[in-house]
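Asker: This structure is in structure tokens; I'll ask about it shortly.
The values are calculated or read from the model by the stated rules, or taken from the named source; none is laboratory data. It should be emphasised that the depicted structure is a prediction, and the values quoted were computed from it without experimental measurement. Reconstructed Cβ throughout: ideal geometry from the backbone, glycine too, with neighbour counts over all protein chains shown.
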Amino acid sequence: MAEAELEMETFGEGSFLKLLKSLLPRIAKAVLWTAFYILLDFLLRRIFPYEALPMELITTTRGFILILTFFTLAGNLSSGTIFEYIFGFAKGISLIAFTWLAFCGGILTLTLPSETSIPSIYVTVDFRIFLGMYILIELLGIATNILRAIEFLSKKVEAP
């Protein structure tokens, strides 16, 4: 009889409300950030119509926004846990890998087709320095997530 009462107290209405109160701000923050990235994608498509941009740039932008949206949603939903820092670490690694692959290591060649008898225009841009700076900034974010995870775990160990 005592075990059944203990179970009811553990999984009772009060604990559900406590859980809901702790999850509601996380869910709201995650929804707001996700809405921001979806709005950003929508505005980019309105400002720059797909017909005016090269296909490589469209897929790169959409992939970048998709990665940001997923990891922001996952990180905000798991805030206050160790998974927040794991998702932050994974976001940094994913963005570095995606950016490196999408921009071919810093040298990007775009083909601008011509509908007239004029041959197509090929534009090659070398932005390895900027890509290197971006990667260094992302590595700082990764290091920050690692240090915060260590701090989080040390506080968990020290807490009674």
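Asker: When you scan the range 123-135, do you find a residue that is exposed (fewer than 10 other Cβ atoms within 10 Å of the Cβ) and either within 21 Å of Ser78 (Cα to Cα) or at pLDDT 90 or above (or both), even just one?
Answerer: Yes, the conditions are met somewhere in the range 123-135.
Asker: Ok, one more. Select from the range 81-140 the residues that are of a type in the set (Phe, Trp, Tyr) and part of a helix (DSSP H, G or I) and write down the one among them that is farthest from Leu153 (Cα to Cα).
Answerer: Among those residues, the one meeting the criterion is Phe130.
Asker: Has the range 100-121 got any residue that is modelled with pLDDT under 80, surrounded by 13 or more Cβ atoms within 10 Å (Cβ to Cβ) and among the charged types (D, E, K, R)?
Answerer: no
Asker: Regarding Thr69, is this residue among the polar types (S, T, N, Q) and surrounded by fewer than 15 Cβ atoms within 10 Å (Cβ to Cβ)?
Answerer: Spelling it out, it is not the case that Thr69 is among the polar types (S, T, N, Q) and surrounded by fewer than 15 Cβ atoms within 10 Å (Cβ to Cβ).
Asker: Tell me which of these Leu73 doesn't satisfy, since it passes every other one: (1) in a helix (DSSP H, G or I); (2) under 18 Å from Leu147 (Cβ atoms).
Answerer: Of the numbered conditions (1) in a helix (DSSP H, G or I); (2) under 18 Å from Leu147 (Cβ atoms), the odd one out for Leu73 is (2).
Asker: Could you list, in sequence order, all residues of the range 37-52 that are part of a helix (DSSP H, G or I) and surrounded by 13 or more Cβ atoms within 10 Å (Cβ to Cβ)?
Answerer: If the condition is that a residue be part of a helix (DSSP H, G or I) and surrounded by 13 or more Cβ atoms within 10 Å (Cβ to Cβ), then Tyr37, Leu40, Asp41, Leu44, Arg45 are the ones that fit.
Asker: Next question. Can you give me the number of residues within the range 79-117 that are without any contact (Cβ under 8 Å) to a residue 24 or more places away in the chain and among the hydroxyl-bearing types (Ser, Thr, Tyr)?
Answerer: Within the range 79-117, residues that are without any contact (Cβ under 8 Å) to a residue 24 or more places away in the chain and among the hydroxyl-bearing types (Ser, Thr, Tyr) number 5.
Asker: Shifting gears a bit: Failed condition for Gly63, given (1) within 20 Å of the chain's Cα centre (by Cα); (2) closer than 29 Å to Ala30 by Cα; (3) modelled with pLDDT of 90 or more, with all others met?
Answerer: (3)
Asker: Which one of Leu39, Leu68 is closer than 28 Å to Ala143 by Cα, aliphatic (A, V, I, L, M) and modelled with pLDDT of 80 or more?
Answerer: Leu68
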